[in-house]
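Report on the structure given below.
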Amino acid sequence: MKQEYQDLVLQACGASSLRVGAKIQTLWSGYGEIVRLHLEGCDRPSVVVKHVKFPEEAEHPGGWNTDRSHRRKVRSYQVETHWYQNYSTNQSCRIPACLAACSHGDEMLIVLEDLDVVGYDQRRTSVKDREIKACLSWLAHFHALFLGAAPEGLWPVGTYWHLETRPDELEAMDDANLKAAAGNIDRILNECRFKTVVHGDAKLANFCFSQSGQDVAAVDFQYVGGGCGMKDVVYFLGSCMEERECEKRVPGLLDFYFTELKRSVKKDVDFAALEEEWREMFAFAWTDFHRFLLGWMPGHRKINRYSKQLTKEVLNKLRL
């Protein structure tokens, strides 16, 4: 790590020295890495640094190495930096505090609170009901907090699969009916009366759990932006449940999400209208992500019977 970056961290944390620790992960398509830095001489034992360095040649697992793809990723890191520097949440939808950030040429650096140190040191690859509900509660509080807020400095429409940013994947689709309806589905979602700020990549891997699994914090805000809260909900549920689980458990988990959302929104919100609209949008949001997968990776495991059934229902509604 460059000395100027080390100096930034030392100054931001009031530390006397630092040691570069383990690499937590490589960023998508080789766009840098996330590392833990161990500190001396301050009250923080460590911080997490997201170090973005744009590669000369990206390595995309799906082969989508285009100028458009590169520009989207660059913009995503600019949005994430803006998010951490200008937005904050509360204990009910915890995120890491941003301690410093800078950009220089083809490099960007975000210095974040180490969530492991403050009790969110567990990661999950599979989850029980308790953990699923903890994440849905986080999403409900997050959506309530930003209900009606303009996504200034963020993506106008959040989520990494947003149609306007994915024309190549749309073109690659074989499903003619869904391809023809894609613009309509996108418009219906975007014209929701009730909008919030969505996380945009709310998969299980982006939640950090407490030991008990009852408390969570979220990371990775590259695709945070405006939209209907159902986009986060469907993406999260699809990230941690197989098709049979979805068929069996989604109704009850949706009820739980809306119960948490009702507890969290301001009293002047017409909650009955909000719930009615967003429940209607559930299938549209799921279909919207299904559309992306069909173009991006047609053999993806999430393209399953449950997704196809919801898509069929949406297409039938649009024909009425």
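The values are calculated or read from the model by the stated rules, or taken from the named source; none is laboratory data. This is a predicted model, so every value here is computed, not measured. We place every Cβ from the backbone using ideal geometry, glycine too, and count neighbours over all the protein chains shown. Calculation scope for accessible area: heavy atoms of the full protein, side chains included, ligands and nucleic acids excluded. Shrake-Rupley method; radii C 1.70, N 1.55, O 1.52, S 1.80 Å.
Each residue in segment 1-49 was checked for being under 27 Å from ARG72 (Cα atoms), open to solvent by 30 Å² or more (accessible area, probe 1.4 Å) and assigned to a strand (DSSP E or B), and 6 of them qualify. The set of residues in segment 250-278 that are open to solvent by 10 Å² or more (accessible area, probe 1.4 Å) and under 20 Å from ARG305 (Cα atoms) comprises PRO251, GLY252, LEU254. Candidates are the residues of segment 279-320 that are without any contact (Cβ under 8 Å) to a residue 12 or more places away in the chain and outside any helix (DSSP H, G or I); the one that is surrounded by the fewest Cβ atoms within 10 Å (Cβ to Cβ) is LEU320.
If a residue must be aliphatic (A, V, I, L, M) and open to solvent by 10 Å² or more (accessible area, probe 1.4 Å), how many such residues does segment 182-194 contain? Qualifying residue count for the region: 1. Being over 27 Å from SER264 (Cα atoms), open to solvent by less than 40 Å² (accessible area, probe 1.4 Å), of a type outside the set (Ser, Thr, Tyr) and touching a residue at least 60 places away in the same chain (Cβ under 8 Å) holds for only one residue in VAL117, VAL79, VAL111, and it is VAL111. Under the condition of being exposed (fewer than 14 other Cβ atoms within 10 Å of the Cβ) and small (Gly, Ala, Ser), which residue from segment 62-76 is nearest to the chain's Cα centre (by Cα)? So the residue we want is GLY62. Just one of (1) part of a helix (DSSP H, G or I); (2) of a type outside the set (S, T, N, Q); (3) surrounded by 21 or more Cβ atoms within 10 Å (Cβ to Cβ); (4) touching an Asp or Glu at 6+ places or on another chain (Cβ under 7 Å) fails for TYR235. It is (4).
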